Ligand SMILES: [Cu+2]
């Protein structure tokens, strides 16, 4: 319409203007096509937490399209010796797998909802920009799959979770449908002085609150399906009092033979997510040398924290170089949640003890006077 009116006024100018518009639109379509379509594609093999998929800390080459596959698995999982949950999971683990890309890579997800499931599912990526974090574009009913792509423009650690609408959002999240993605700066992580910092190991700790109903006698109820469990569980959820707060899906998932490991002198990156409640990780006997508060890698990391904070719906990265051997407890420092609800893990660290840093000057004896 604008062109028509303008053309009546001056046909010559119109021709020039429309040529310019065609040229500009041409550039726009070229730059769009050069977005994801022209880039190399790689497939990332996702692994169950606390491990991370194979990745480069400093990106090699330019942006890529990173293809991943998440399959929704509804199944019963044991949370504690006396408690089971009808879990809803991404790829069968609680939390879902950690995804690792670099800033300005594209994440191309195939989300699969097998026909054996009963509910509709989707995914909201906090790392993405756009309506509902992709929630509307990724809704899949049982028997469907969808391919969805977003550009990871912001560096940091971010939660992803199922968000199918209404009460189903918290129900799916507290049934296990959450995980995290780490979007590394292309030139790697930087310390507080802006110097490249590399980690020797990285672990993903996904904290999960469960709301498992009990019988009047105090025994945890066990259900045949998520649909059957839903009514009672939602009544429990409304009280805001979890029955369990655990790391990686179950009490003891990161202790004993499943403990995290490290050596003295190794820098370990702890990635901790909580999709629903606040948390406050603390490494007993250690620290966080660096903490990227709010999970943002755009900001300088804070230094030398004793306990760091995870606002609900966030994933946070903390780095620590172990300086002493031993079995360290990594806990939610609401110690009731750690000890009585289950939010505790172990890091077994090998190496030489440094007496200068800590020693028992004399062993316990009877009080002398
Ligand atoms: Cu879901």
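When 327, 323 are checked against the criterion of being part of a strand (DSSP E or B) and either farther than 25 Å from residue 185 by Cβ or not assigned by TED's automatic domain parsing to the domain that holds residue 258 (or both), 327 stands alone in meeting it.
Every residue in the range 290-320 that is without any contact (Cβ under 8 Å) to a residue 40 or more places away in the chain, part of a strand (DSSP E or B) and either out of contact with any strand residue (DSSP E or B) (no Cβ under 6 Å at 6 or more places or on another chain) or not assigned by TED's automatic domain parsing to the domain that holds residue 257 (or both), please. Walk me through it before giving the result.
The initial filter retains those residues of the range 290-320 that are without any contact (Cβ under 8 Å) to a residue 40 or more places away in the chain, namely 291, 293, 299, 304-309, 311-312.
Imposing the further condition that a residue be part of a strand (DSSP E or B) reduces the set to 291, 304-305, 307.
Matches in the range 290-320: 304 only.
Is there a residue being surrounded by fewer than 18 Cβ atoms within 10 Å (Cβ to Cβ), closer than 19 Å to residue 272 by Cβ, within 15 Å of the chain's Cα centre (by Cα) and in the same structural domain as residue 53 (by TED's automatic domain parsing) anywhere in the range 164-178? Checked against the condition, which is being surrounded by fewer than 18 Cβ atoms within 10 Å (Cβ to Cβ), closer than 19 Å to residue 272 by Cβ, within 15 Å of the chain's Cα centre (by Cα) and in the same structural domain as residue 53 (by TED's automatic domain parsing), the range 164-178 yields no hits at all.
Out of everything in the range 153-168 that is more than 21 Å from residue 231 (Cβ to Cβ) and not in a loop (DSSP other than H, G, I, E, B), what residue ends up being nearest to the ligand (Cβ to nearest atom)? Can you show your working first?
Taking the range 153-168 and keeping what is more than 21 Å from residue 231 (Cβ to Cβ), we get 153-161.
Within this subset, residues satisfying the condition of being not in a loop (DSSP other than H, G, I, E, B) are 156-161.
Working: 156: 24, 157: 22, 158: 18, 159: 14, 160: 11, 161: 8 Å.
For the range 153-168, the residue satisfying everything is 161.
Of all the criteria given as (1) closer than 25 Å to residue 329 by Cα; (2) within 16 Å of the ligand (Cβ to nearest atom); (3) assigned to a strand (DSSP E or B), the one not satisfied by residue 176 is (3).
Of the strands (runs of 3 or more DSSP E) lying entirely inside the range 56-133, those carrying at least 3 residues that are touching a residue at least 60 places away in the same chain (Cβ under 8 Å) and within 16 Å of the ligand (Cβ to nearest atom) are 65-80, 83-90.
Every residue, every condition in (1) in contact with a helix residue (DSSP H, G or I) (Cβ under 8 Å, 6 or more places away or on another chain); (2) touching a residue at least 24 places away in the same chain (Cβ under 8 Å), yes or no:
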residue: 191; (1), (2): no, yes
residue: 205; (1), (2): no, yes
residue: 231; (1), (2): no, no
residue: 243; (1), (2): yes, yes
residue: 250; (1), (2): no, yes
residue: 257; (1), (2): no, no
residue: 274; (1), (2): no, yes
residue: 288; (1), (2): no, yes
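The values are calculated or read from the model by the stated rules, or taken from the named source; none is laboratory data. None of the values given here were measured: they were computed from a predicted structure. Here the Cβ is made from the backbone with ideal geometry for all residues, glycine too, and neighbour counts use every protein chain on show.
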